[in-house]
Amino acid sequence: MASLKSSFSFILLIALLAASSLVVASAGNFNQDFQITWGDGRAKILNNGELLTLSLDKASGSGFQSKNEYLFGKIDMQLKLVPGNSAGTVTAYYLSSKGSTWDEIDFEFLGNLSGDPYILHTNVFSQGKGNREQQFYLWFDPTADFHTYSILWNPQRIVFSVDGTPIREFKNQESNGVPFPKNQPMRIYSSLWNADDWATRGGLIKTDWSRAPFTASYRNFNANNACVSSNGASSCSSSSSQNSSSSASTSNAWLSEELDLTRQERLRWVQKNYMIYNYCTDAKRFPQGLPTECKS
């Protein structure tokens with residue numbers, strides 16, 4: 001019996017090690033997937049590409065962007081935000097295309113005084129039009145450890161999630177005349193910058209430069225379930241033609257993914273308890289009537 005138990009323990013250990021290696025293997029490498037775009041040395045890729053840090057001081061912030069463009073995807077990134085007194089700082093993590101009629105899907109983390117919560121600001125731009133802000137507090141300290149911030153973007157919907165919990169869903173309502181991001185490939189961007197003219201309490205609280213440099217950290221980027229767009233061709237199209245129809249439909253299931261009942265309930269929980277601003281309920285801002293997508 002003892003030998004049986006030890007054999008079972010050994011098998012379990014091997015299984016756990018194999019599972020952990022799979023998790024590590026699925027994480028992206030910042031050297032391969034991203035390039036630092038500004039900051040004059042303030043952005044750093046460390047640990048053989050496993051960690052990226054952005055820093056901000058009085059002279060400059062810093063930023064990076066993905067090497068690939070994506071047209072639909074299920075994209076994860078783990079962030080640990082600026083700790084302590086982060087008032088005046090903004091850590092932006094978003095997808096965006098270029099041009100005057102750009103599309104964009106935004107996470108922005110608005111810093112605050114020590115002990116006061118970060119504000120997670122979200123927005124969706126389609127064909128150059130935004131003004132679709134929803135803001136949230138988080139149910140944890142986003143500076144104490146890494147947390148996963150995810151965007152599901154498929155032809156039917158955009159879902160913002162935090163640690164697997166959906167916080168916002170923006171549905172495709174083109175049938176009601178609302179533009180939806182679906183034609184323009186987008187890169188991933190992130191930056192840490194000073195926005196003390198508006199970021200904290202409408203600009204009343206300024207950045208305390210005596211606490212600089214401010215640093216945000218990134219790890220475990222994952223875009224395994226995403227369509228890389230290059231010269232008008234999509235990696236999803238090529239993989240579908242190469243795979244059998246059953247395996248292709250399984251691997252690309254996220255392209256038609258929607259919120260099941262459990263995740264819909266989680267979404268309602270977040271919006272009831274942690275949402276602090278919703279453009280769809282701001283009648284003063286829209287005296288001519290709320291935007292079309294807010295009425296369904």
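Brief remarks on what is shown
- Under 5 Å between amide hydrogens, built in the peptide plane, is the criterion, and for Phe34 it picks out Lys67 among residues at least 5 positions away or on other chains.
- Residues of the range 94-119 with amide N under 20 Å of the 7 Å Cα→Cβ point at Arg201: 109-119
- Sequence of Glu169, Glu133, Glu258 from largest to smallest accessible area, 1.4 Å probe: Glu258, Glu169, Glu133
- Of Asp208, Asp103, Asp260, the one that fluctuates the most in a GNM where the chain has Cα springs shorter than 10 Å: Asp260
- Farthest positive-ward along the chain dipole, Cα basis, beta-carbon charges - from Phe160, Pro179, Ile105: Pro179
- A helix-only calculation puts the chain at -6000 deg cm²/dmol for mean residue ellipticity at 222 nm, using -39500 (n - 2.57) for each DSSP H run of at least four residues, averaged over all residues.
- Rounded if a/c under 1.5, otherwise prolate or oblate - the range 55-136, Cα gyration tensor axes: prolate
- Choice from Lys284, Lys80, Lys44 with maximal GNM fluctuation in the chain (Cα, 10 Å cutoff): Lys284
- Legend: residue pairs Lys44/Lys74; Lys44/Lys272; Lys171/Lys272; Lys58/Lys182; Lys272/Lys295; Lys58/Lys80, Cα-Cα distance threshold 30 Å; pairs beyond threshold, Lys44/Lys272; Lys58/Lys182.
- A Förster distance of 25 Å, applied to the separation of the beta-carbon atoms of Asp282 and Thr165, puts the FRET efficiency at 0.55.
- Multiplying the residue separation of Ser296 and Asp116 by 0.36 nm and removing their Cα-Cα distance gives an extension gain of 61.3 nm.
- For the chain, the share of accessible area belonging to carbon and sulfur comes to 52 percent (1.4 Å probe, ligands and nucleic acids excluded).
- Per residue, the chain exposes an accessible area of 50 Å² to a 1.4 Å probe, with every protein chain left in place.
- In order along the range 261-274, the phi-based Karplus estimate (6.51 cos²θ - 1.76 cosθ + 1.60, θ = phi - 60°) of 3J(HN,Hα) comes to 4, 5, 6, 4, 5, 5, 4, 5, 4, 5, 5, 6, 9, 10 Hz; Gly and Pro are listed as x.
- Note on Asn29 and Ala144: the model spin-label points, each 7 Å out from Cα along the C-beta direction, lie 3.4 nm apart.
The values are calculated or read from the model by the stated rules, or taken from the named source; none is laboratory data. Quick caveat: nothing in here was measured; it's all calculated off a predicted structure. Positions of Cβ are generated from backbone atoms using ideal geometry, with glycine treated the same way; all protein chains shown enter the neighbour counts. What goes into the accessible areas is simple: the full protein's heavy atoms, side chains included, and nothing from ligands, DNA or RNA. Shrake-Rupley method; radii C 1.70, N 1.55, O 1.52, S 1.80 Å.
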